[in-house]
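Colleague: Handing you a structure now.
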Amino acid sequence: MSTVTTTTETHTALHFAPVAGWGRLPMGSTLGSEATSVALHPDGRVFVFNRGPVPILIFDQEGEMLGGWGKDQFNLAHSINIDAEGNLWLVDLKHVVEKRSPDGELLMTLGDRKKSAPPHSGLPFNRPTDVAVHPRSGEVFVTDGYRNSAVHRFSPEGELIASFGSPGSDRGEFSLPHGVCFIGDDRLVICDRENFRLQVFSLDGTWLDQWHHYYPQALRSITRPDGSTWILVGEGCPVAYQRETPHLGCRIKVLNTEGTEIGRLGIGEWGFEPDCFTAIHGISVEPVSGDVYVAEAPYATITRYYHDEAPTGELLSLRKWQLVSS
């Protein structure tokens, strides 16, 4: 391993390079300016949940589109994850989490599109954000964040086991839990976005640790062929009043299980250049190659955060980065 020195820290470097032009869309297809999330299937296909007319688009790892489905079946795409059996788990901000087959067959629904839980009640759901399925037990963990401050644990059959979390900034409290992943069999990591941190818990919700990160929006973990674990956290763009401040967010950090940075993607500057990010919102990683797939939500950033007029045309919101050395 080599060592890279920056102006603020020294970290062991995993080197990644952006793959130009990845994710080619056929004539007439669109992501609706926002591919909110991306997940790699065990068979190698790349599933993209987006806010365009076909909410699920499927690519091969070279970036060729294979097909899609889901027209008129979702309200507002937010997150996708794929369990150990190859089923898709889709988080719709309209208060539901759906389990579907890769072909789109609806297998289970958690929540109710017609009824939300009271805001910050700790009950599921009020605009949920992300989902993770335990690879051995099949239990389902959902972050419930935009109008709630909770994490919910369900049985494989969809029965609510327990919930934890409340509004605030102390240990075990949340201000917009926005992402979830596992460390091994017994720990959860939660993106506590508006508190600018990751929090680490046991599966029963016992607080264990916290790690500071700038505006953490996306979170995934993988086990590499050598048995090591990577935790990837996508940091969002600078908030509006810090828009011109350099070196804030706009990068993906690769952590080990102790929260130490071992690599990163992006130069930490907002923009549309190949080595820049705009609004990292979803991450997926190929365990063997280490290649990283990234979904971004640039339209929301430009119009809602920065209050600029949206540019015309399709904005870049789907990328692949290749691990080139470690």
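Colleague: Before we move on, is LEU208 in contact (Cβ under 8 Å) with a residue 12 or more places away in the chain and touching a Lys or Arg at 6+ places or on another chain (Cβ under 6 Å)?
Modeller: Details: in contact (Cβ under 8 Å) with a residue 12 or more places away in the chain: yes; touching a Lys or Arg at 6+ places or on another chain (Cβ under 6 Å): no.
Criteria not met by LEU208.
Colleague: For the range 40-56, which residues satisfy the criterion of being surrounded by 15 or more Cβ atoms within 10 Å (Cβ to Cβ) and either within 16 Å of ASP92 (Cβ to Cβ) or free of Cβ contacts under 8 Å to residues at least 24 places away in the same chain (or both)? Lay out the reasoning, then the answer.
Modeller: The initial filter retains those residues of the range 40-56 that are surrounded by 15 or more Cβ atoms within 10 Å (Cβ to Cβ), namely 40-41, 45-52, 54-56.
Of everything in the range 40-56, those that are surrounded by 15 or more Cβ atoms within 10 Å (Cβ to Cβ) and either within 16 Å of ASP92 (Cβ to Cβ) or free of Cβ contacts under 8 Å to residues at least 24 places away in the same chain (or both) turn out to be PHE47, VAL48, PHE49, ASN50, ARG51, GLY52, VAL54, PRO55, ILE56.
Colleague: Report whether or not ARG113 is of a type outside the set (Gly, Ala, Ser), modelled with pLDDT of 95 or more and farther than 27 Å from GLY172 by Cα. Working first, answer last.
Modeller: On the way: of a type outside the set (Gly, Ala, Ser): yes; modelled with pLDDT of 95 or more: yes; farther than 27 Å from GLY172 by Cα: yes.
Criteria met by ARG113.
Colleague: Do you know which residues across the range 86-117 are of a type in the set (D, E, K, R) and assigned to a strand (DSSP E or B)?
Modeller: Going residue by residue through the range 86-117, those that are of a type in the set (D, E, K, R) are 92, 94, 98-100, 103, 105, 112-115.
Selection gives ASP92, GLU98, LYS99, ARG100, ASP112, LYS115.
Colleague: Sticking with this structure for a sec: Could you tell me which numbered condition ARG251 fails, if it satisfies all but one of (1) within 26 Å of GLY63 (Cα to Cα); (2) surrounded by fewer than 21 Cβ atoms within 10 Å (Cβ to Cβ); (3) charged (D, E, K, R)?
Modeller: The single condition ARG251 does not satisfy is (2).
Colleague: Another question about this same structure. Could you grab the pairs with beta carbons closer than 9 Å, sequence gap of 6+ or different chains, first residue in the range 147-163 and closer than 18 Å to LEU93 by Cβ and surrounded by 14 or more Cβ atoms within 10 Å (Cβ to Cβ), second one of a type in the set (Lys, Arg) and at pLDDT 95 or above?
Modeller: Correct list of pairs: ARG147/ARG127; ASN148/ARG127.
Colleague: For VAL189, which of the numbered conditions (1) within 26 Å of ARG147 (Cβ to Cβ); (2) assigned to a strand (DSSP E or B); (3) touching a residue at least 60 places away in the same chain (Cβ under 8 Å); (4) not acidic (Asp, Glu) fails to hold?
Modeller: So VAL189 meets the others, but not (3).
Colleague: Still on this model: Where the second residue is of a type in the set (A, V, I, L, M) and surrounded by fewer than 20 Cβ atoms within 10 Å (Cβ to Cβ) and the first is more than 15 Å from THR223 (Cβ to Cβ) and free of Cβ contacts under 8 Å to residues at least 40 places away in the same chain and lies in the range 286-303, which pairs have Cβ atoms under 9 Å and are six or more apart or on separate chains?
Modeller: Within 9 Å, the pairs are ILE302/ALA310; THR303/ALA310.
Colleague: Do the conditions hold for GLY52, that is, is it out of contact with any helix residue (DSSP H, G or I) (no Cβ under 7 Å at 6 or more places or on another chain) and more than 29 Å from VAL151 (Cβ to Cβ)?
Modeller: yes
Colleague: Pick from GLY282, GLY268, GLY263: which is under 22 Å from PRO177 (Cα atoms) and either in a loop (DSSP other than H, G, I, E, B) or modelled with pLDDT of 90 or more (or both)? Step through it out loud before you land on a result.
Modeller: Numbers: GLY268 fails: under 22 Å from PRO177 (Cα atoms); GLY263 fails: under 22 Å from PRO177 (Cα atoms).
After applying the criteria, what remains is GLY282.
Colleague: Something else: Tell me which residues, restricted to the range 269-284, are within 28 Å of ALA132 (Cα to Cα) and either buried (at least 23 other Cβ atoms within 10 Å of the Cβ) or without any contact (Cβ under 8 Å) to a residue 24 or more places away in the chain (or both).
Modeller: Within the range 269-284, the subset within 28 Å of ALA132 (Cα to Cα) is 276-284.
Across the range 269-284, the qualifying residues are PHE277, ALA279, ILE280, HIS281, GLY282, ILE283, SER284.
The values are calculated or read from the model by the stated rules, or taken from the named source; none is laboratory data. Here the structure is a predicted model, which means the values were calculated and not measured. Don't worry about glycine lacking a Cβ; one is built from the backbone with ideal geometry, like all the others, and counts go over all protein chains shown.
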